[in-house]
1. Nearest 10 degrees, 0 to 90: what angle lies between the long axis of helix A:133-148 and the longest principal axis of chain A (Cα atoms)?
2. Considering only C:PHE232, C:PHE24, C:PHE281, give the residue with the highest GNM mean-square fluctuation for chain C, with springs between Cα atoms whenever their separation is below 10 Å.
3. Give the residue from C:SER238, C:TRP191, C:LEU151 lying farthest towards the positive end of the charge dipole for the range C:96-296; charges sit on Cβ (+1 for Lys and Arg, -1 for Asp and Glu) and the dipole is referred to the Cα centre.
4. Each residue of the range B:174-184 in turn: what ³J(HN,Hα) in whole Hz from Karplus with 6.51, -1.76, 1.60 and θ = phi - 60°, glycine and Pro shown as x?
5. Give me the distance in nm between label points sitting 7 Å out from Cα along the Cα-to-Cβ direction at C:LEU241 and B:GLU254, one decimal.
6. Where does the range C:86-186 land on the Kirkwood hydrodynamic radius, alpha-carbon pairs, in angstrom?
7. Which whole-Hz couplings ³J(HN,Hα) result when phi for each residue of the range C:227-238 is put into the Karplus expression 6.51 cos²θ - 1.76 cosθ + 1.60, θ = phi - 60°, listed in order with x for Gly and Pro?
8. Which distance in Å, rounded to a whole number, links the C-alpha centroids of the range B:98-147 and the range B:293-327?
Amino acid sequence: MTTTWAQRRKERIDDLAGGRSLTSEAMRRLRRDPVAIVGAVIVGLFVVIAVFAPLLAPHGAAESFPELQADLRPGNIPGAQEGFPLGGDQLGRDFLSRMILASQQTLLVGVLATLIGLAIGIVIGTLAGAFGGWIDTVLMRVTDVLLAIPSLLLAISVAALAASPSQTTVIIAVAIVGVPIFARLLRGSMLSQRNSDHVVAATALGVKRPAVVLRHMLPNAIGPVIVQATLTLATAILDAAALSFLGLGDADPGRAEWGLMLAQAQTYLDVRPALAFYPAFAIIVVALGFTLLGESLREALDPKGRR
Amino acid sequence: MRSARRLSAVTAAAALAVTLAACATSERSDEGEGGAGATGGTFVFGAAGAPDNFDPVFATDGETFRPARQMYDTLVTYKPGTADLEPALATEWTPNADFTEWTFTLREGVKFHDGTDFNAEAVCFNFNRWVNLPNAAAQTQAQYYSDVFEGFASNQTDTTGAPVYNSCTAPDPTTAVIKLNKAKGAFPSAFGLTSLSMSSPAALQQYDADNVQQSGEAFTYPAYATDHPTGTGPFKFESYDRTANVVTLARNDEYWGTKPTIDKLIFKVIPDENARKQELQAGTIDGYDLPSPADWETLKNDGFQVLVRPVFNILYLGINQKNNPALQDLRVRQAIAYATDRESLVRTQLPEGAVVATQFLPETVDGYAADIQALPYDPERAKALLAEAGHSNLTVNFYYPTEVTRPYMPNPTNIFTALQENLRQVGITVNAVPQPWNGGYLDSVSNNGVQDLHLLGWTGDYNDAGNFIQTFFGRPKAEFGLSPDRDQALFSEISAADSTVDPAAHAAAYEQVNRDLMTKYLPAIPLSSSPPALVVRDNISGIVPSPLTDERFLNVVKG
Amino acid sequence: MLRFVLRRLLQVIPTLLLLSLLVFAWLRSLPGGPASAFLGDRATPERIAELNRVLGLDQPVLVQYGRFLGRVLTGDFGVSTITGQPVLTEIGRALPATVELSVAALLIAVLLGIPLGYLAASKRGGPLDISTIIGTLVGVAVPVFFLGYLLKAFFAVELGWFPPSGRQAIALDATDVTGFAVLDGLLTREWDASWDAILHLTLPAITLATIPLAVIVRITRASVLDVMGSDFVRTANSKGLAPGTVRGRHVLRNALLPVSTVIGLQVGLLLAGAVLTEKVFVWGGLGTLLADAITLKDYPRLQALLLLGALVYVLVNLLVDLSYAIIDPRVRLT
């Protein structure tokens, strides 16, 4: 027996209704939470700057300028001057533009790494949570091993195993770190869904197993995973920066990325500390923003609510 | 019950502590502590890396040479601050008419650290030891020896050929005669190489010096090279603390020359450049090697002495003609040269004292042609040449190294980025391929030759044009993709110059090679020569910066 | 029980074999190698080939692996291509450094974190609570290496209170007994050496402690709040017990259970953070060994570190399973 269009529509409405009440309750709590507001403002600003970076940045990331090169020496990097409010960098490029453009790369690395980790984690968690049995045992054993390895060490190992450092290897390394966390979380919340009324009902109605899993269990179980993703974004940005510092990061110097800029500025800490401080500050603020938002999301969605 | 158990646990812990304390006794030597009779104190120098071993013939890098230079002497040496020769263990050296026999008059009354005499027998013992290195492991480790002398008595590897060394005779204790199978422009300069330092024959035998072994994927060195180096130099080996990464040398009171004033010379390995700087600023070390050019100004302002070495290296933009046919066209290579703004590269990225290279030799090497003009920065001409050659849409794979600084290349990433921008402006598309120095760069560039453009360079070992030119272009190499037939003229010209033994003719021949390299061949583009520096505290005197990074610390005085 | 242990140990063997083969083959498939690392800019194709031949690196990976396995079975993990020292000796030298640093960091995190978390919870919503929360959030967000540099620049270079890097002053000529610098000084009664070691330890330990400190503060705070809201505390309070007794005997003791679990989890993280901290402070520990081995393609050292790491991991897991069985009689070992 196949599900009719009417049935399907009903289910969707049910899901939406359930989702809406949960979401609106969470939203209500969030709006009253100053931590959430600060987090949301930071993240919001960051995302806006990152998305519109090419429009906001006065110059290109790789472009160098004679004005900034005129007095440039290894021991002297010109500071602010007309047209270049933050001055130049070690190659006579506009530092402000690079800071702005870097937000895009940082967001890209963070988001892509988190999304890839999330996708793999969801597949593993769904398989394990929905089917149980030996699939569950094997998959959880693997995630246990990955979880046991400290995240940064795991990222370093993955990045070191790649043929040559690049943006892709950083994204993959950071993504792999997130996989076991997402998988575990999703499995746990899927398990709790397995015996819930609507799942039992759907199964009793003869809805096929994959359909039950994808349509009934997954949407209801994914909440905590999404919250975790927000928190993972913060660690992803920090891990990517650490990889750059260890020389395992993206090495294309024309590209602007905060972690890489911070790593390259190590040489000029005494000459022009701003080259290191601005990217470091940006990383800290953005990581803080995602952490604040994630933490308050988690609290808002926690039914027990820690008040 | 509970308190009783707790008590017994405390007793047990106390008992354990007492037992441990009883078996651990202080092994401090009393002489330290700035002892009463101490004279010159201790000089602590921050090294960037750990030495591989202490047998100079098996040394290949600067970090290994540095301690060796303080413990050993060579027959001839380089005048401090130059690449010119001056007497060391030999007071005089004279070649025969065809430069195949060198007679050394030796200094009298010199003793090795183990008390044995240095004499002509010892010289011959060392030369014979080198040529007779027994196995492949030892021969592959003797890099400089095989560079200079080209082969061993019984070659165990395919990379060496007929030995240049023939024999050594000791007609009397102060005369050693080295016979060569052929003349070579490298002599007599090469006799001053630290690798060819004189070791005590007794110690060499006692500590099994030739016994380098291959163990798994690595080499192990015999006791002579790890713990018992025995030379004639101003400092004696005291210890190498591999946990703290500290090499300690003590003054040799029997030294034949002016004895050092400092009691101890300590090399502390601090791999991180910022950490070296901060150790100096915090006053825990007296000096360190290779301060980043970015810090020279700060360090000087903080009252430290930045000792700048005379330039003796070449950085070049390598061109590989094999994979990209466009690069076989001389006009395209010239276009790349005109496109690169070497003046601003040197000014903005290289330290004070760096110069644009007009050819593949630094100015102080015999064979440098003073009349060669640097190829000017002329992007328009570059574009025109590219158009003329029909390669206006040239795309190149430009390899550059990461995780490394070399004396000729203090910041490869910046240098690359600047060049990339230059090339982009004349319409050349650059694919950036960064690779870690040890994690593939050298293999890709020198071994596999997969690049179109790359950055590499060379620091001279001694004053001989061949040491540069022959090394770069003396034969077909994967690095430049020169072909045996197409570029035969170049190879012949270089080998002819190299086998010219008369010093003046040798220099003249190399001057011509340099001119032709820049006009006829242009297999690569010389970019710059940059001076590496060392930095010491203001109360330190007696260190003369050497173009060969051959600083000796025997005259160091701590004020 | 004995049979269970034996069977688990036997299961470990194929896992380790497979892992070692994977590590072995993967390392060799990467570009670069010990030969070019050794030759530097004197590398020529002929020389690289020759060194690879002499070192046996030109042979099929399986043949190399067989030889490696043969040596490992006799307890020989080979010799570092960087230093020519036996890899096990190197690990033995570096281990105390890393353990010392991690223990110091953990001590700071625990001794500071639990009281802070407790105070924050008991003055909930107060200025201390809020500043603690902000502090923990920022602490987690600051890149470790950057924090290390700042601490060094300020406390070591600017103020000169602490040495900027390394483990011990050279001039002290301290006696080495156990490899733990602080302990050695105490054992040999070289008090100045112990003091010097503690000074060297302070900045790196603080750097390394930030993240575990933040985590411990937050867990302690949450857990104390949880317990304070629980029924038995309410009962104790209503029974009229002195607030001090309630706090000490009931709240703190119960709140510390989850905290101790978290502390256990932090140990692994400390080792990871140590890689970055050791680099900044030139701390010659396992992290430095690992980082150098990666950049210089030191195959034997990498192999040994990864294999021993895996072995330790497996053994620790086995111990954890065993301890569960001992604590909880319902768990059956089969």
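1. For A:133-148 against chain A, the angle is about 20 degrees.
2. C:PHE232
3. C:SER238
4. The phi angles translate into 10, 10, 10, 10, 9, 9, 10, 7, 8, 6, 8 Hz.
5. Spacing of the two 7 Å Cα→Cβ label points: 8.0 nm.
6. Over the range C:86-186, the inverse of the mean reciprocal pair distance is 16.8 Å.
7. My calculation for the range C:227-238 gives 5, 5, x, 7, 4, 5, 5, 4, 4, 4, 4, 6 Hz in order.
8. 34
Rule-based calculations on the coordinates, nothing more; no lab input. As the structure is a computational prediction, the values presented were derived from the model and not from experiment. Reconstructed Cβ throughout: ideal geometry from the backbone, glycine too, with neighbour counts over all protein chains shown.
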